[in-house]
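Comments concern the structure below.
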Amino acid sequence: MANAGFYFIVKGEDGRERRVSYRDFYGPMDKGSAKPSFCYPQHKQDMIEDIQKMEKVLENDYIASERKMEAKIRLRERKERLKSINEQEKTAKKLFNEHKDKWMGRREKLAEEISKTMPSRDAVRKRIVNPFSVLKKEKSGLEEKKREYIILSRLADEESNVSFLQRDKDSDSSPSI
């Protein structure tokens, strides 16, 4: 957690203080993922539908007997994966709700920072945006801020699309991008 950026100190159940950052919302199955699993609701819905289809196929004997065991194993693995995603989401929401004011304040601050750093819609439309400077900003922390904003927005059941933070016009007449 050395590079976690924003964090705050909370007292744990054991009475000891610890740092809490948005990275605490990640679960054990999210290693290497850009965002926690619960940030992909369509993937979760597809998994639920897939489980239901597999159960129906097995229930109605639409599968060859030599492939039945393999299908049962895959079904069990999918159910376990869905269960762990749901548990992770529940744990993350609990942590979020325990400190909701701090997280929402952080979300507002991120929205402001992201909005200031992104090129305006007007600059994009006029094609006066330097793609190299945009990439440089992304790599120097903007990408991480966007990720944190999306995660906090998902947990708050708010709109998480960062493109809505893009300004219509630059505040000054000269483009700084």
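Of the residues making up region 115-146, just one is under 27 Å from Tyr7 (Cβ atoms), among the hydroxyl-bearing types (Ser, Thr, Tyr) and either exposed (fewer than 14 other Cβ atoms within 10 Å of the Cβ) or out of contact with any Lys or Arg (no Cβ under 7 Å at 6 or more places or on another chain) (or both), namely Ser140. In summary, Trp103 fulfils each of the numbered conditions (1) surrounded by 13 or more Cβ atoms within 10 Å (Cβ to Cβ); (2) at pLDDT below 90; (3) among the hydrophobic types (A, V, I, L, M, F, W, C) with the single exception of condition (2). Of the residues making up region 63-75, those that are surrounded by 12 or more Cβ atoms within 10 Å (Cβ to Cβ) and assigned to a helix (DSSP H, G or I) are Lys68, Ala71, Lys72, Arg74, Leu75.
Considering region 109-125, the residues that are of a type in the set (Asp, Glu) and in contact (Cβ under 8 Å) with a residue 12 or more places away in the chain include one that is nearest to Glu158 (Cα to Cα), namely Glu113. Taking the criterion of being among the small types (Gly, Ala, Ser) and within 11 Å of Ile85 (Cα to Cα), the only residue of region 17-36 that qualifies is Gly27. Within region 87-108, residues that are under 15 Å from Pro36 (Cα atoms) and touching a residue at least 60 places away in the same chain (Cβ under 8 Å) have Cβ atoms under 7 Å from residues that are among the polar types (S, T, N, Q) and assigned to a helix (DSSP H, G or I) in these pairs: Gln88/Ser37, counting only partners at least 6 apart in sequence or on another chain.
Taking the condition in contact with a helix residue (DSSP H, G or I) (Cβ under 9 Å, 6 or more places away or on another chain), of a type outside the set (D, E, K, R), under 22 Å from Arg154 (Cβ atoms) and assigned to a loop (DSSP other than H, G, I, E, B), does Ala34 pass? Judged against the criteria, Ala34 is a match. In this structure, Ile128 does satisfy being of a type in the set (A, V, I, L, M), at pLDDT 80 or above and not in a helix (DSSP H, G or I). Within region 25-57, which residues are under 11 Å from the mean Cα position of the chain (by Cα) and either more than 26 Å from Glu143 (Cα to Cα) or surrounded by 14 or more Cβ atoms within 10 Å (Cβ to Cβ) (or both)? Of everything in region 25-57, those that are under 11 Å from the mean Cα position of the chain (by Cα) and either more than 26 Å from Glu143 (Cα to Cα) or surrounded by 14 or more Cβ atoms within 10 Å (Cβ to Cβ) (or both) turn out to be Phe25, Tyr26, Asp30, Lys35, Pro36, Ser37, Phe38, Cys39, Tyr40. Against the conditions (1) hydroxyl-bearing (Ser, Thr, Tyr); (2) free of Cβ contacts under 8 Å to residues at least 40 places away in the same chain; (3) surrounded by 14 or more Cβ atoms within 10 Å (Cβ to Cβ), Tyr22 satisfies every one except (2). The C-beta contact set for region 64-85 (first residue without any contact (Cβ under 8 Å) to a residue 24 or more places away in the chain, second residue assigned to a helix (DSSP H, G or I) and of a type outside the set (Ser, Thr, Tyr), distance under 8 angstrom, 6+ apart or interchain) comprises Lys68/Leu58; Ala71/Met54; Ala71/Val57; Ala71/Leu58; Lys72/Leu58; Arg74/Met54.
The values are calculated or read from the model by the stated rules, or taken from the named source; none is laboratory data. Since the structure is predicted, the reported quantities are computational estimates derived from the model, not experimental observations. We place every Cβ from the backbone using ideal geometry, glycine too, and count neighbours over all the protein chains shown.
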